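Everything below concerns the one structure shown next.
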Amino acid sequence: APSNEFHQFSAVGGWRFSPTTKLVVNAAYARNTQNDSFLVNPQLPLGLPVDSLDGLVVTKSFNAKFSSRPFAGFNIDASYKYDDHDNRTAVHTYIFQDANEARAAAASAFNAVLGLAPNTLGSNINIYANRPYSKKLNQFDAAADYAIATGQVLKASYQYQQIERGCPGSWINCADAPKTREHSGLLEWRTSAIENLGTSLSYGYGHRTVNYDENAFLA
């Protein structure tokens, strides 16, 4: 619980340019909905702004991978990935007391702000907006390996990744890191020239940049 529905349309296609070079792509579009009635807590002095969440998440994704072997012993791969998790659920303000708590005797200062009678809300009131979380990913990968000699392979790879997070339409951003960018790379040498013995030597590097939102905790 609660009940929900998920519908997705996807398509896949590929193109072989030559016996050693090909491109494969796939894309998808999906809708996820949830609209069951709320379970009502009796400690809701002003009731609910709506009877149900009426939640909607739209997901769009796209992937492409290119691979090639220009000549014997040399392989190249490159890929791109896009994934957009778009939460389009409407934002509403909910006013409630903690579960199983009665209204405090002291009045809330929010009564005057909200234009309510002086004793409508107690000092233990909570006022929040829901936060529909969305996330978008863009990622690019590239790799190549070359057989430099019998039983010896040199490999290099690179990845760029960008992730965006947030709660559009809510009171304030709910993600401490609304955007991150990362570059990473790997250089590796492998050998199995000696029977029953495999050896590798590698170096990896990564650098992540974060756009930090110091006010996100207020969500």
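The values are calculated or read from the model by the stated rules, or taken from the named source; none is laboratory data. Bear in mind the structure is a predicted one, so any value in this text is a computation, not a measurement. Methodologically, a virtual Cβ is constructed for each residue, glycine included, from the backbone with ideal geometry; neighbour enumeration extends over all protein chains shown. Areas reflect the complete protein model, heavy atoms only, side chains present, ligands, DNA and RNA absent. Shrake-Rupley method; radii C 1.70, N 1.55, O 1.52, S 1.80 Å.
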Inset, instruction - Take the alpha carbon atoms of region 69-191, find their radius of gyration, then divide it by 2.2 N^0.38 Å using N residues; give the quotient. - result: 1.98
Legend entry - Protection-proxy order for peptides 109-120, 124-135, each taking the mean of Cβ atoms within 10 Å per residue, highest first: 124-135, 109-120
Legend entry - Structure-derived percent of Cα pairs over 29 Å apart: which label, when the choices are [x] 26; [y] 47; [z] 54: [z]
Inset, instruction - Per residue of region 116-121, in order, report the coupling 6.51 cos²θ - 1.76 cosθ + 1.60 (Karplus, θ = phi - 60°) as ³J(HN,Hα) in whole Hz, putting x for Gly and Pro. - result: 9, 4, x, 10, 5, 10
Inset, instruction - Mind checking which aspartates and glutamates have their Cα closer than 16 Å to the Cα of residue 81? Skip sequence neighbours fewer than 8 apart in that chain. - result: 141, 164, 182
Legend entry - Relative contact order computed over region 166-219 (Cα-Cα under 8 Å; 6+ residues apart), in percent: 46 percent
Legend entry - Carbon/sulfur fraction of accessible area - region 28-178, other protein chains in place, 1.4 Å, %: 56 percent
Inset, instruction - Leaving out ligands and nucleic acids, note down the accessible area per residue over region 139-216 with a 1.4 angstrom probe, in whole Å². - result: 65 Å²
Inset, instruction - For residue 135 and residue 113, calculate 0.36 nm times their separation in residues minus their Cα-Cα distance, and state this gained length in nm to one decimal. - result: 4.5 nm
Inset, instruction - Take the cross-link list 22/135; 155/179; 22/65 and give me the ones stretching past 20 Å between alpha-carbons. - result: 22/135; 155/179
Inset, instruction - Only Cα pairs under 8 Å and at least 6 apart count here; give the relative contact order of region 15-145 as a rounded whole percent. - result: 26 percent
Inset, instruction - Take every Cα pair under 8 Å in region 88-219 that's 6+ residues apart, average their separations, divide by the length, and report that relative contact order as a whole percent. - result: 19 percent
Inset, instruction - Go ahead and run the numbers for FRET between residue 94 and residue 62, Cβ-Cβ distance against an R0 of 25 Å, rounding to 0.05. - result: 0.10
Legend entry - ³J(HN,Hα), Karplus 6.51/-1.76/1.60, whole Hz, each residue of region 105-113, x for Gly, Pro: 5, 6, 7, 7, 5, 6, 4, 5, 4
